[in-house]
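Here's the structure we're looking at; comments come further down.
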Amino acid sequence: MFYINQINAAGTIAVDDTILIKGTPATAGSKMLENFKPLFSAEAVERLEKAGYSIAGKTNVGEFGLDLLGETSAYGAATADGKLIGAGAALVAEGKIKAALSVDLNGAPRRAAAVSGVDFIKPTYGTVSRYGVIAAACSGEQIGVTAADAEGVKEILTVIAGHDSKDGTSLPDEKYEYSTDADVSAMKIAVAKELYDAADAAVKAKIDSFADALKAKGAKVEFVELGIIAQAQTAWQILMAAETTNNLSRFDGVKYGYRTADYKNIDELYVKSRSEAMGFLTKATIIYGSDVLAKAKYEKCYDKSLRIRRVVCDRMKAVYAEYDAVLAPACSKAEYAPYDTADAFEKVFAESLFTAIPSITGMPAMVTGGVQLMADSFKESVLLSIAKSVEV
């Protein structure tokens, strides 16, 4: 299943089901929100519509965006040829839409773009308004753009980026201009050795091919050990789980969303509503988040993860002082088979190794040609230019 709700068969932009469209059900892939219809649209959606783009519909997404490729959706996973795919990326790959908006919370849109062979950019945190997003992990989630190529990504990102007074995390610049024409021949690109070594042979081959293409353009490419990847992975999973626990606490069966049919008191209403309406991965994330926020663990888990975030940012700033971008896998493998979602917590943690650095730092990342590019804050044009240079 690709569309949860198809709005306009002639539409050019798809929007994932964690992004609000006025009057259209928004479930975030969860039974908990099966009857929720928002009274307003997300700022990014309104900007697209004002610019003349039409919305094709809402696409399937994993429950609250926590999983690998949408496999935990209450509506079932999107698959093709027996493999998991991301709905928005698949529609772009098939040429059925011009572009898709997706919330990158834990790297799912990046993985989706990688397995479908299209482009996706997660821009610098705060450059695209989060107003109208069903929030889970507020300090890392960011609306990004999937398109067939770098020019398509640039076109849509230019429309939706810019300050929004309704979003407290929005950065002050009214507009952002992006380019695909930076001189790649003058660039130095670092290949993240730890991530390269952790990927399978098919993914390594894509990295090698991409690196060779950059060298042919005159860029300097060399392997570098970042040294903070495992720390970034663990810290982001702790922060993400803690923030998700807080944000999802409002879904309790009282004011809106799913309510159990059989309860005797308020405590039973809370427990049964959440137990019946939420999937395994969401429950596991909430339990883990509650644990790291507990008084006995707060300082050594949550507070320490906040400090690790700063260490990771400082390390990446040092890398970007020497290199224009980092080349790395977006995921460990080129395709994913459906699996028992009771194993989702461990699988998602393992795959977050490849996506955690942009998530925890708020720095931009782009997937193109099945590989991931990362750069310093506000360097989207570097990523877009590198992608275009290889696509040409």
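Apart from one condition, LYS283 fits all of (1) of a type outside the set (Asp, Glu); (2) within 30 Å of ILE189 (Cα to Cα); (3) not in a loop (DSSP other than H, G, I, E, B); the exception is (2). Specify which of the listed residues (VAL254, VAL326) is within 22 Å of the chain's Cα centre (by Cα) and not in a helix (DSSP H, G or I). After applying the criteria, what remains is VAL326.
Scanning segment 142-154 for residues that are touching a Phe, Trp or Tyr at 6+ places or on another chain (Cβ under 9 Å) and either of a type outside the set (A, V, I, L, M, F, W, C) or assigned to a loop (DSSP other than H, G, I, E, B) (or both) yields GLN142, GLY144, THR146, LYS154.
Checking ALA182 against (1) touching a residue at least 60 places away in the same chain (Cβ under 8 Å); (2) assigned to a helix (DSSP H, G or I), which test does it fail? Unmet for ALA182, out of (1) touching a residue at least 60 places away in the same chain (Cβ under 8 Å); (2) assigned to a helix (DSSP H, G or I): (2).
Quick one: which strands (runs of 3 or more DSSP E) lie wholly within segment 1-88 and hold at least 2 residues that are closer than 25 Å to HIS163 by Cβ?
Numbers: elements: 3-6, 13-16, 55-59.
Where strands (runs of 3 or more DSSP E) fall fully within segment 1-88 and carry at least 2 residues being closer than 25 Å to HIS163 by Cβ, they are 13-16.
Residue by residue through segment 336-358, note down the ones that are surrounded by fewer than 21 Cβ atoms within 10 Å (Cβ to Cβ), in contact with a Gly (Cβ under 8 Å, 6 or more places away or on another chain) and not small (Gly, Ala, Ser). Residues satisfying the conditions are PRO338, THR341. Regarding segment 324-334, can at least one residue be identified that is at pLDDT 95 or above, in contact with a strand residue (DSSP E or B) (Cβ under 9 Å, 6 or more places away or on another chain), of a type outside the set (A, V, I, L, M, F, W, C) and surrounded by 21 or more Cβ atoms within 10 Å (Cβ to Cβ)? Within segment 324-334, one or more residues are at pLDDT 95 or above, in contact with a strand residue (DSSP E or B) (Cβ under 9 Å, 6 or more places away or on another chain), of a type outside the set (A, V, I, L, M, F, W, C) and surrounded by 21 or more Cβ atoms within 10 Å (Cβ to Cβ). Of the residues making up segment 223-237, none is in a helix (DSSP H, G or I), of a type in the set (Asp, Glu) and either touching a strand residue (DSSP E or B) at 6+ places or on another chain (Cβ under 8 Å) or in contact (Cβ under 8 Å) with a residue 12 or more places away in the chain (or both).
Among the conditions (1) under 20 Å from the mean Cα position of the chain (by Cα); (2) crowded, with 24+ Cβ neighbours inside 10 Å, the only one that MET1 does not satisfy is (2). Counting the residues of segment 74-107 that are of a type in the set (Gly, Ala, Ser), crowded, with 24+ Cβ neighbours inside 10 Å and over 24 Å from ALA10 (Cα atoms) gives 1. Are there any pairs, at least 6 apart or on different chains, whose C-beta atoms fall under 8 Å, with the first in segment 310-336 and farther than 17 Å from GLN231 by Cα and the second surrounded by fewer than 18 Cβ atoms within 10 Å (Cβ to Cβ) and of a type in the set (Asp, Glu), and if so, which? From segment 310-336, the pairs are SER332/ASP200; LYS333/ASP200; ALA334/ASP200.
Among the candidates ALA296, ALA350, single out the residue that is aliphatic (A, V, I, L, M) and assigned to a loop (DSSP other than H, G, I, E, B).
Details: ALA350 fails: assigned to a loop (DSSP other than H, G, I, E, B).
ALA296 is the lone residue from the list that is aliphatic (A, V, I, L, M) and assigned to a loop (DSSP other than H, G, I, E, B).
The values are calculated or read from the model by the stated rules, or taken from the named source; none is laboratory data. Computed from a predicted structure; not experimentally measured. Please note: Cβ atoms are built from the backbone with ideal geometry, for glycine as well, and neighbour counts cover all protein chains shown.
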